[in-house]
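Below: the structure, in structure tokens.
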Amino acid sequence: MLAATASLALGACSARTDGGSNGDTPTAPQATAPAQAADAADPKGDGKATCAAGTAIAYAGTINGENAALGQNILNGVKVAVNRHNEANPGCKVELKEFETEGTPDKAPGIVTQMVNTPQILGVIGLPFSGESKAAGNIFNDAGLVSITPSATGPGLSQNGWKTFFRGLGNDNTQGPAAATFITNELKAEKVCVVEDDSEYGIGLANAIKGALGSKVTCNEKVKSKQIDFAATVNAVKGADPQAVFYAGYYREAAPFAQQLNDAGVTAKFVAPDGVKDDEFVKGAGDAAASAYFTCPCVPADQFTEFTNAFKALSGKDPGTYAPEGYDIATILMKGIDSGKTDRAGLLDYVKNYDGQGLTKKFKWDATGELAGTTVWTYKVENGKIVRNTEIK
């Protein structure tokens with residue numbers, strides 16, 4: 001079923017491009033970043049909100065643990081929204097509580113249990129990773145505590161019957177076929193190696209892209225979390241002589257793997273997903289980063305000027321992957337609180353029936369917590385920075 005679905009989606013995908021030239025690379029011209037919608041929800045609201053002291057929302061995910069930069073991007077986006085709301089609404093100072101899960105399935109359930117036992121928390125931004133989401137989603141559900149993930153893309157998460165789970169982006173049944181479209185149509189690769197790590201995220205995404213690529217997958221290798229030496233995998237990839245390598249996993253392992261491929265003389269294009277799209281990959285991959293591409297069901301923040309300026313003032317850096325999505329999700333939760341939803345059941349019902357524009361997209365969920373009409377963007381490294389490339393629809 002996955003392969004059939006991916007094949008249909010692949011046929012429907014095409015790259016939206018315009019703007020300037022991309023030089024001598026085989027990809028299409030750079031696409032224009034979307035402008036901020038005039039009706040994008042603003043956490044400031046009308047400034048007249050009132051709520052009880054101690055009313056809280058929470059971020060749960062990696063902060064200083066595994067692949068921490070991905071979580072910090074989201075958390076700082078959330079902070080921008082909360083700060084903006086609280087400055088404008090003296091009668092409703094929403095507290096932001098932070099919970100460190102280290103991004104791991106073994107730690108997340110205990111942390112989520114702490115959260116559901118904190119009655120002031122009415123809604124949660126998280127969990128960021130698919131493995132931890134799978135491990136702890138039932139705890140949110142049993143407690144009736146709404147959680148909106150800004151970045152977990154595992155398709156199966158919305159198929160568990162959880163009434164409290166919502167996803168603020170497209171899942172890997174969208175990203176996998178879109179990545180296959182980019183690899184075949186733009187990079188012109190006929191032979192592709194898919195390398196997957198052992199995470200829930202990596203395995204699920206690898207299955208999605210393999211289903212979409214079909215016979216173009218000429219090798220499939222597996223690596224482990226925290227692996228450092230990739231010699232055997234590099235040799236296998238080199239022997240297969242592909243035109244592209246897709247790495248399904250996170251930046252911590254992707255960076256040394258890409259560097260070792262480069263050192264071994266592998267000239268295949270290196271393509272990786274949202275879990276790798278971070279400045280930490282660029283730092284760790286060295287020379288290999290210069291020819292890397294990324295796919296992500298996330299929208300470039302280039303034209304979200306007010307958000308970008310606030311994010312930079314808060315963190316000292318430009319918004320990273322899923323920072324604006326974190327902002328949007330926090331905004332939705334606070335809009336619910338401002339509308340008078342002062343308990344968990346009320347806020348859950350508010351999110352379930354929400355229909356509104358954000359910075360990144362229109363938010364309206366189906367009965368499983370999935371969004372309709374999401375797109376996937378590709379990104380590339382240019383002058384040591386990750387920049388937008390093309391939009392795949």
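Restricting to region 212-259, give me the number of residues that are in contact with a strand residue (DSSP E or B) (Cβ under 9 Å, 6 or more places away or on another chain), over 29 Å from Gly320 (Cβ atoms) and in a helix (DSSP H, G or I).
5
Quick check on my filter: what residues within region 260-283 are part of a helix (DSSP H, G or I) and farther than 26 Å from Val376 by Cβ? Before the answer, list the steps.
Restricting attention to region 260-283, the residues satisfying the condition of being part of a helix (DSSP H, G or I) are 260-263, 279-283.
Of everything in region 260-283, those that are part of a helix (DSSP H, G or I) and farther than 26 Å from Val376 by Cβ turn out to be Gln260, Asp263.
Does region 194-208 hold any residues that are crowded, with 22+ Cβ neighbours inside 10 Å and under 18 Å from Tyr251 (Cα atoms), and which are they?
Val194, Val195, Glu196, Asp197, Ser199, Tyr201, Gly202, Gly204, Leu205, Ala206 - these are the residues of region 194-208 that are crowded, with 22+ Cβ neighbours inside 10 Å and under 18 Å from Tyr251 (Cα atoms).
Quick one: which residue in Ala178, Ala189 is in contact (Cβ under 8 Å) with a residue 60 or more places away in the chain, in a loop (DSSP other than H, G, I, E, B) and either buried (at least 24 other Cβ atoms within 10 Å of the Cβ) or of a type in the set (A, V, I, L, M, F, W, C) (or both)?
On the way: Ala178 fails: in a loop (DSSP other than H, G, I, E, B).
Result of the check over Ala178, Ala189: Ala189.
Mind counting the residues in region 375-389 that are hydrophobic (A, V, I, L, M, F, W, C) and open to solvent by 50 Å² or more (accessible area, probe 1.4 Å)? Break it down stepwise before answering.
Taking region 375-389 first, the residues hydrophobic (A, V, I, L, M, F, W, C) are 376-377, 381, 386-387.
Subset that is open to solvent by 50 Å² or more (accessible area, probe 1.4 Å): none.
Counting residues in region 375-389 that are hydrophobic (A, V, I, L, M, F, W, C) and open to solvent by 50 Å² or more (accessible area, probe 1.4 Å) gives 0.
Applying the selection to region 284-301, what residues are assigned to a loop (DSSP other than H, G, I, E, B) and open to solvent by 10 Å² or more (accessible area, probe 1.4 Å)?
Val299, Ala301 - these are the residues of region 284-301 that are assigned to a loop (DSSP other than H, G, I, E, B) and open to solvent by 10 Å² or more (accessible area, probe 1.4 Å).
Considering Ala255, Ala244, which residue is small (Gly, Ala, Ser), open to solvent by less than 30 Å² (accessible area, probe 1.4 Å) and without any contact (Cβ under 8 Å) to a residue 60 or more places away in the chain? Step through it out loud before you land on a result.
On the way: Ala244 fails: without any contact (Cβ under 8 Å) to a residue 60 or more places away in the chain.
Every option except Ala255 fails the conditions.
Would you pick out the residues in region 73-87 that are out of contact with any Pro (no Cβ under 6 Å at 6 or more places or on another chain) and either surrounded by fewer than 19 Cβ atoms within 10 Å (Cβ to Cβ) or of a type in the set (A, V, I, L, M) (or both)?
If the condition is that a residue be out of contact with any Pro (no Cβ under 6 Å at 6 or more places or on another chain) and either surrounded by fewer than 19 Cβ atoms within 10 Å (Cβ to Cβ) or of a type in the set (A, V, I, L, M) (or both), then Leu75, Val78, Val80, Val82, Asn83, Asn86, Glu87 are the ones that fit.
When region 142-160 is examined, which residues are found to be over 20 Å from Pro324 (Cα atoms) and touching a strand residue (DSSP E or B) at 6+ places or on another chain (Cβ under 7 Å)?
Leu145, Leu157, Ser158
When Ser291 is evaluated against the numbered criteria (1) modelled with pLDDT of 95 or more; (2) of a type in the set (Ser, Thr, Tyr); (3) closer than 20 Å to Leu187 by Cα, which criterion, by number, is the only one it fails?
(1)
Sort out for me the helices (runs of 4 or more DSSP H) sitting completely within region 305-374 that have 3 or more residues that are out of contact with any Phe, Trp or Tyr (no Cβ under 6 Å at 6 or more places or on another chain) and open to solvent by 50 Å² or more (accessible area, probe 1.4 Å).
305-315, 344-352
The values are calculated or read from the model by the stated rules, or taken from the named source; none is laboratory data. All of these numbers come straight from a predicted model, not from anything done at the bench. No Cβ is skipped: glycine too gets one built from the backbone with ideal geometry, and neighbour counts run over all protein chains shown. For the accessible areas, the whole protein counts, side chains as well, though only heavy atoms, and no ligand, DNA or RNA atoms are used. Shrake-Rupley method; radii C 1.70, N 1.55, O 1.52, S 1.80 Å.
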